[in-house]
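Read the figures in this text as sums done on the coordinates, not as results from a lab. Owing to the predicted nature of the structure, the values given are computational and were not obtained by experimental measurement. Here the Cβ positions follow ideal geometry from the backbone for every residue, glycine too, while neighbour counts run over all protein chains shown.
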Amino acid sequence: MKARAAALGELLAGDRSADRIVPPTGFTARLTSFTAGAMAFLAVFALALSIASGRLAERWSAALAQTATIRISAPPEQMAAQTAKVLDILKATPGVASARALSDDEQKKLLEPWFGPDLPLDALPVPRLIDVRETGDGFDADGLKNRLAAEAPGAVLDDHTRWRRPLVAAADRLRLLGLVSILLIGGATAAMITLAANAALSANAQVIRVLRLIGARDAYIARAFVRRFTLRALAGAAAGTVAGMAAVALLPATDEAGGFLTGLGFQGLGWLWPLLIPPLAAIVSFAATRAAAFHTLRRLT
């Protein structure tokens with residue numbers, strides 16, 4: 001543990017003479033900083049997508065888990081009797097917290113997006129809908145369906161299972177897609193920084209040979225490259241993360257427009273998650289640069 005702490009302190013403190021080995025500006029410097037910044041910016045949105053998808057799955061599951069709908073199709077003269085019969089059945093059904101028939105105005109609002117605001121319910125054979133709320137334990141859906149079929153043949157129970165499962169599965173897949181995107185971003189970052197480190201090492205091959213002649217070890221030379229590229233990646237990732245968080249903060253709020261994309265953001269302590277991106281980028285840069293440095297130094301032997 002003490003050795004790791006000492007190595008970290010040495011990496012952060014650096015060595016001015018060793019730092020001169022790595023060019024402070026130029027193609028590799030710009031490539032490393034830009035790559036880390038761009039990937040961190042994309043990682044913020046991938047993280048926001050993953051977190052928002054998780055919230056969406058939980059919200060959809062909770063909203064549909066304890067609700068059900070009964071649709072009553074009957075001639076107009078029998079509709080009232082059928083509705084009353086179904087409500088009586090529901091009152092006697094264990095696990096049903098409440099049940100009520102939707103009014104004509106409520107049904108018009110449900111159908112308005114498809115048929116417009118002037119739908120004449122009186123002239124159309126529109127089924128009566130009953131909103132059912134379950135208790136925490138829920139009710140026996142199969143038993144209720146059998147009883148409705150026997151006592152109210154025009155009533156059909158929809159427990160929202162066929163709606164809930166695809167929605168929750170889609171949201172879970174979106175969350176997985178966000179996590180996979182973060183992994184791919186990390187891999188792309190490592191690849192680009194590896195290329196930049198190899199280019200810098202190759203460009204300084206003559207300097208490395210001279211350092212070896214005067215007794216410098218490969219660990220000393222590699223440490224200079226690792227430190228410089230790690231700090232570049234950390235600075236670039238920090239800038240990209242700040243830019244990404246600002247862009248996410250500028251997205252429309254959920255209560256303004258509703259929908260999934262407007263909820264694509266962080267909430268509460270969730271804003272702390274993007275702050276992990278810069279140190280993770282530095283770790284990826286450290287590992288990639290160290291591996292590239294020792295590989296290239298062995299090749300230059």
Convert each backbone phi in the stretch 213-228 into a coupling constant with the Karplus relation 6.51 cos²θ - 1.76 cosθ + 1.60 (shift: θ = phi - 60°), then list the ³J(HN,Hα) values in order as whole Hz, x for Gly and Pro. 5, 8, x, 5, 8, 4, 4, 5, 5, 4, 4, 5, 5, 4, 4, 4
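Less than 10 Å Cβ to Cβ from Leu300, Lys/Arg counted +1 and Asp/Glu -1: what total charge do the surrounding residues give?
Computed value for this residue: +3.
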Per q in 0.13 Å⁻¹, report the Debye log10 I(q)/I(0) for the stretch 74-153, using one uniform scatterer on each alpha carbon and no solvent. -0.48
For a quick check: with amide H placed at 1.01 Å from N, whose amide H comes under 5 Å from His160's, ignoring anything fewer than 5 positions away on the same chain? Thr69
Would you pull out the residues with amide H under 5 Å of Val96's amide H, same chain only if 5 or more places away, H placed 1.01 Å from N? Thr135
For the pair Asp158/Ser103, report the inter-label distance in nm, with labels modelled 7 Å from Cα in the Cβ direction. 2.2
Between Gly265 and residues 5 or more places away or on another chain, the pairs with built amide H atoms under 5 Å apart involve Ala52
Sequence order, the stretch 196-208: Karplus ³J(HN,Hα) from phi using 6.51 cos²θ - 1.76 cosθ + 1.60, θ = phi - 60°, Hz rounded, Gly and Pro as x, gives 5, 5, 4, 5, 5, 5, 5, 5, 10, 4, 5, 5, 5
Please give me, ordered by residue number, the trypsin sites (Lys or Arg not before Pro) of the stretch 141-226 that lie in loop per DSSP and have at most 13 other Cβ atoms within 10 Å. Arg217
Report the one residue of Leu201, Ala155, Gly178 whose Cα lies farthest in the direction of the positive end of the charge dipole of the stretch 87-202 (charges on C-beta: Lys and Arg +1, Asp and Glu -1; origin at the Cα centre). Leu201
FRET efficiency, 1/(1 + (r/R0)^6) with R0 25 Å, evaluated for Ala191 and Trp271 via beta carbons: 0.30
